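Asks: Once you've had a glance at the structure underneath, I'll fire off some questions.
The values are calculated or read from the model by the stated rules, or taken from the named source; none is laboratory data. Note that the coordinates shown come from a computational prediction; the quantities given were computed from them, not determined experimentally. Positions of Cβ are backbone-derived with ideal geometry, glycine not excepted, and every protein chain shown enters the neighbour counts.
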Amino acid sequence: MRYLIIGTGPAGIAAAEKIRGLDEENEILMLTSEEIAGYSKPLITYFLGRKVNEDRMFYRPPWYFEERNISVMTSTKVIEVNPAKKLVITESGEAINYDRLLIATGGLPIVPEIEGLNPSEMEGVFTFTQWKDSKDVAKYITDNDVTEAVVLGGGLIGLKTTEALLELGLKVSIVELSDRILSNTFDKKASMIVTSALQKRGCNVYTNDTIVQVKGKKKITKVVLKSGREIKTKLLIIAIGVKPNVGFLKESGVRVNRGVVVNEHMETNITDIFAAGDCAEFYDPRLGKSSTIAIWPVAFSEGEVAGYNMAGERVSYQGGIPMNSVEIAGVATISVGNTSAEVENVEILEYESDKRSVYKKLVIKDGKLVGAVFVGDIDRAGIYTGLILQKVDVSSFKDDLMRDDFGLVYLPKEYRKKLMEGELKVWLE
Amino acid sequence: MAKRRSTADFVLERDDYKCIRCLACVRVCSYGANFYDERENMVFTENRKCVGCHFCEAICPTEAIVVQHNPLAIRWNAHWTSEVVTDIMKQAETGGVLLTSMGNDKPYFTYFDRMVLNASQVTNPSIDPLREPMEIRTFIGKKPLSLELEESEGSVALKTQIAPQLKLEVPIMFSAMSYGSISLNASKSLAKAAQTVGTYFNTGEGGLHKDLKEFGENMIVQCASGRFGVNVDYLNAGAAVEIKIGQGAKPGIGGHLPGEKVTEPISETRMIPVGTDAISPAPHHDIYSIEDLRQLIYAIKEATRYKKPVGVKIAAVHNVAPIASGIVRAGADFVVIDGIRGGTGATPKVTRDNVGIPIELAIAVVDKRLRDEGIRHLASIIVAGGIRKSSDVIKAIALGADAVYIGTAALVALGCHLCQKCYMGKCNWGIATQDPKLVRRLNPEIGARRAANLLRAWALEIKEILGGMGINAIESLRGNRDVLRGVGLQEHELEILGIKPAGEAW
Amino acid sequence: MVKGMRKKILVKEEYCIGCRLCEIYCVTAHSQSKNLIRVFRYELGELAPAVIVEEREYTTFAVQCRHCEEASCVRACITGAMHRDSSTGAVYVDRDKCVGCWMCIMVCPYGVIKRGTGSNKVASKCDLCLDRELPACVENCPNEALVLTEVNE
């Protein structure tokens, strides 16, 4: 029997680990379209900023797979899945059979249509989702003496890339369509703190704006913004987001909405085909809706659930929530859950200290914590995450939540007891 | 006269090089004696607030702290001692009765220290307790004068009905200390230790906390003049009932637990409203004679269906022997006698230090009196008040006791350093306090382990000494005054103790 | 998932006396000199205890990494630095791999992972003192409010 896993990101690896934990005998084969497997994608910006060398890029080093008897085929892109024959077809025409298949192909960068831009022909324009991108950008900067760059998209990838470019001494301009950077997870105040930290480091932040035209013949020379501003640049990074990488499933019969639709066991509509991670769209029967949360911990957890179920152990996924931790321009930030004030009937608790550049916000709905933002001071943020995930009623200790010394001691005794005795299971059931 | 600040009893010396500013001493002192000066980055002590409990010294990780007596708090004077002078000053200030805690600390001499034990040489070989059985199990309760046996079909059965007994694996029990005077964790420690070793603890007069119910088989419940928490369930909750008439630390007076200490759980246990003073009257208002006492004893026996021994506790006073005789005749299954060294959570100093007689003399006269009257078998004698070590236990039993109660020694095992400030309710060791911040300092698992260790250690020593005397059962030691000799005692004292002077053979 | 015996520190909340000795012994056990006085005098700047003492009115307790069976921090770690040691079952940080993204801080429901101080900008947490017979905090807790147990999984 063969377990076939397409993708070597966190979902794929988590699944392989779980399968191996439960099934020591059968073959596990992992495929990746990239040249290298087992490296960590979030580290590609650290690599660009020279904070992480080649050795430290490996989330799971090559020997790790060997040790666990997991085979990996790199540079193997799957272009078709045939459930009837239980086969996948690769770009090179090879057919690989499977008994159980996991689709963990992650996301593909979104490239908008911009006048004058044909990324495959124009040099100096990059998306930024693979290690190869990071290496290519680094090489391009050196080869072309790049001293300034434009980053399109003020989301997480855009900002982490910006930070790496700042590390390399480049002058960076960020162009963001919405009214603030990190608009998905941050409110105005949190955004402002990060924005001013970036500005202090010489970065330009243009919000409510976008690139309408790219100039340059073979190589990019300039971008024109909607506001009319023109920025001279030899480098453009496009980081406006990713979409599930599911194009190859078109003919397969696997149900795809935005991503591959899966139930709480990470099963698709077709027997023996599972999906997990950024390419999957989890339908939560309790909420009656489906969503893709493209973050590492969710991908990893979904991968684990897929692994359990592929190996025959019935485990249900509890659903995840968006969350992210990122340090930008020296400012540590964490956002968890629903952090926007736009949701109705919520109560907002805020703490602000200009002196310390600290901002904290908690969003409470129906007595329960549903979202949290921490900027500048992230210590013990996980306690709040726990309250959100466990849906603990915080009404009785609401006034303590913003205390400087807030900790487990302020939690209801019952919850604390369960927590301390390790009785709470987050994410998996 | 200008107000005079009281003199510090103790001086806390802190080695500044060793002090790592961990501030543990600051955090733990319930009297607020230690404090940290942030600007100086130094830890200081207000010596006047120090009670000499040594908790900070015990917890200091670098041994930077030494607590010492203030050597010349008051100019030295053999008659006007610093204690006397300080007491006068306090009374001049307050106009009130001086309170204190724990037992009498005055240098009356201790008869235990003037008695020595015998050992076997040549003619009656000694016994090695590690090789041969050594019986120290003790039964408390009324014994029959003779046994009647019944023989049928080749087997023999006991015909005599034996009165209810307490079975002690060691002849040592934990004396009455109420929940209120000591913390629940202290009670739990003793209860657990009693259970482990196979002996008994005593609830004191504070009623029974629900957490202690599970230790019923190793518990003696007390019924005192305040009758706190006493009902039929309470009387039946333990293995025996003890009527408390008096206490060695405060003969002739009652007790008073101030309303501030009557917290929710205490109120529940004592069955009185929160915040009210818990006053134990000096006498039981229904006992003015031996006949009255007999009524109470039998009322309790009725309530417990004659299944539990009922005893009476009195303080050792001048007339202890005839009183004990009356108690036995009133139907008590055991008599508890508490000597002048007996401890307490709070008592007027003048009473503690001056009223009552030494337990050694009381044991001797009570045992003799009951023997002379032929009623010794009707009740066991339990003695208390200043039993400090295994040799005190052996000597007490040799003088005529069946078993002893230990209170102070047990608390010392739990951490008590005899600072005598129990009445303040701020005990840093978590023993004599109800402050939830302090109570948690006594982990009952540790407490139980230590108290049980103490009993085990004493039991081993008792066996060692018995073996040395060629005795293999504690039965043979009881009232065996021949094994005792007095050193430096006057003739009449020897007579009262019923022992010969050292140097005199049998 | 590691099967077999796994060491775990039990926190007995009702017996913590709030002395905070666990903190200083933790720091000392992870210092160069392993000596309380020298640590205080020469090494304190770079060190932070991995045990956190919480206090509110009379309730105090010390808490350190629970080494969870299903550890959120291991799931969330983007570098593989946070990992479970297969021989001991404990959760460790590989300091060379950690890049300080603080995903682990975001997900730890106990709040016991800290940002490293000084030059060590990596996640810092309890390592169960596996080079010692007993963790320093457990060994030196004066009231046995921290107890080492072995759980079978």
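Asks: In this structure, does C:VAL112 turn out to be within 14 Å of chain A (Cβ to nearest Cβ), within 12 Å of C:CYS65 (Cα to Cα) and touching a residue at least 24 places away in the same chain (Cβ under 8 Å)? Give the steps one after another, and end with the answer.
Replies: On the way: within 14 Å of chain A (Cβ to nearest Cβ): yes; within 12 Å of C:CYS65 (Cα to Cα): yes; touching a residue at least 24 places away in the same chain (Cβ under 8 Å): yes.
Answer is yes for this residue.
Asks: Can you tell me how many residues within region A:48-60 are more than 17 Å from the chain's Cα centre (by Cα), in contact (Cβ under 8 Å) with a residue 40 or more places away in the chain and not in a helix (DSSP H, G or I)?
Replies: Going through region A:48-60 one residue at a time, the tally reaches 4.
Asks: Kindly evaluate A:VAL111 against the criterion of being of a type outside the set (S, T, N, Q) and closer than 16 Å to A:GLY9 by Cβ.
Replies: So A:VAL111 fails the test.
Asks: If C:GLY45 passes every condition in (1) within 13 Å of chain B (Cβ to nearest Cβ); (2) out of contact with any His (no Cβ under 9 Å at 6 or more places or on another chain); (3) not charged (D, E, K, R) but one, which one does it miss?
Replies: (1)
Asks: Next up: With C:CYS65, C:CYS22 as the choices, which residue is more than 9 Å from every other protein chain (Cβ to nearest Cβ) and under 23 Å from B:ILE20 (Cα atoms)?
Replies: Residue meeting the stated conditions: C:CYS22.
Asks: For region C:2-49, what are the residues that are of a type in the set (Val, Ile, Thr) and either part of a helix (DSSP H, G or I) or in contact with a Gly (Cβ under 9 Å, 6 or more places away or on another chain) (or both)?
Replies: The first filter runs over region C:2-49 and keeps only residues of a type in the set (Val, Ile, Thr), leaving C:2, C:9, C:11, C:17, C:24, C:27-28, C:37, C:39.
Matches in region C:2-49: C:VAL2, C:ILE17, C:ILE24, C:VAL27, C:THR28, C:ILE37, C:VAL39.
Asks: Hey, can you tell me all the residues within region A:135-184 that are in contact with a Lys or Arg (Cβ under 7 Å, 6 or more places away or on another chain) and either over 18 Å from A:GLY49 (Cβ atoms) or charged (D, E, K, R) (or both)?
Replies: Hits for region A:135-184 are A:ASN144, A:GLU148, A:GLU167, A:ARG180.
Asks: Here is a further query. Output the residues belonging to region B:27-63 that are in a strand (DSSP E or B) and out of contact with any helix residue (DSSP H, G or I) (no Cβ under 9 Å at 6 or more places or on another chain). Can you show your working first?
Replies: First, pick out the residues of region B:27-63 that are in a strand (DSSP E or B): B:34-37, B:42-45.
Correct list: B:ASP37, B:MET42, B:PHE44.
Asks: Among the candidates C:VAL53, C:VAL122, C:VAL39, C:VAL93, single out the residue that is modelled with pLDDT of 90 or more and within 13 Å of chain A (Cβ to nearest Cβ).
Replies: C:VAL53
Asks: Please enumerate the residues belonging to region A:133-179 that are assigned to a loop (DSSP other than H, G, I, E, B), over 22 Å from A:VAL331 (Cβ atoms) and among the aliphatic types (A, V, I, L, M).
Replies: Scanning region A:133-179 gives A:VAL146, A:LEU177.
Asks: Kindly evaluate B:THR199 against the criterion of being closer than 25 Å to B:ARG305 by Cβ, touching a residue at least 24 places away in the same chain (Cβ under 8 Å), part of a loop (DSSP other than H, G, I, E, B) and β-branched (Val, Ile, Thr).
Replies: Criteria met by B:THR199.
Asks: Residue under question is A:PHE274, and the condition is that it be surrounded by 16 or more Cβ atoms within 10 Å (Cβ to Cβ), away from every other protein chain (no Cβ under 14 Å), touching a helix residue (DSSP H, G or I) at 6+ places or on another chain (Cβ under 6 Å) and more than 22 Å from A:PRO42 (Cβ to Cβ); does it hold?
Replies: Here the answer is yes, as A:PHE274 does meet what is asked.
Residue-wise test of (1) buried (at least 24 other Cβ atoms within 10 Å of the Cβ); (2) within 14 Å of another protein chain (Cβ to nearest Cβ); (3) assigned to a strand (DSSP E or B).
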site: A:ILE5; (1), (2), (3): yes, no, yes
site: A:THR8; (1), (2), (3): yes, yes, no
site: A:ILE13; (1), (2), (3): yes, yes, no
site: A:ILE19; (1), (2), (3): yes, yes, no
site: A:GLU25; (1), (2), (3): no, no, no
site: A:MET30; (1), (2), (3): yes, no, yes
site: A:SER33; (1), (2), (3): no, no, no
site: A:TYR46; (1), (2), (3): yes, yes, no
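Asks: Taking C:THR59 and the conditions (1) surrounded by fewer than 24 Cβ atoms within 10 Å (Cβ to Cβ); (2) within 7 Å of chain A (Cβ to nearest Cβ); (3) within 29 Å of A:MET323 (Cα to Cα), which numbered condition does it fall short on, given that it satisfies the others?
Replies: If we test C:THR59 against (1) surrounded by fewer than 24 Cβ atoms within 10 Å (Cβ to Cβ); (2) within 7 Å of chain A (Cβ to nearest Cβ); (3) within 29 Å of A:MET323 (Cα to Cα), just (3) comes out false.
Asks: For region A:329-352, name all the residues that are at pLDDT 90 or above and either surrounded by 19 or more Cβ atoms within 10 Å (Cβ to Cβ) or within 11 Å of chain C (Cβ to nearest Cβ) (or both).
Replies: A:VAL331, A:ALA332, A:THR333, A:ILE334, A:SER335, A:VAL336, A:GLY337
Quick grid of which residues meet (1) closer than 19 Å to A:ASP379 by Cα; (2) among the polar types (S, T, N, Q); (3) out of contact with any helix residue (DSSP H, G or I) (no Cβ under 7 Å at 6 or more places or on another chain):
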{"residue": "C:GLY80", "(1), (2), (3)": "no, no, yes"}
{"residue": "C:ARG84", "(1), (2), (3)": "no, no, no"}
{"residue": "C:MET103", "(1), (2), (3)": "yes, no, no"}
{"residue": "C:PRO109", "(1), (2), (3)": "yes, no, no"}
{"residue": "C:GLY116", "(1), (2), (3)": "yes, no, yes"}
{"residue": "C:LYS121", "(1), (2), (3)": "yes, no, yes"}
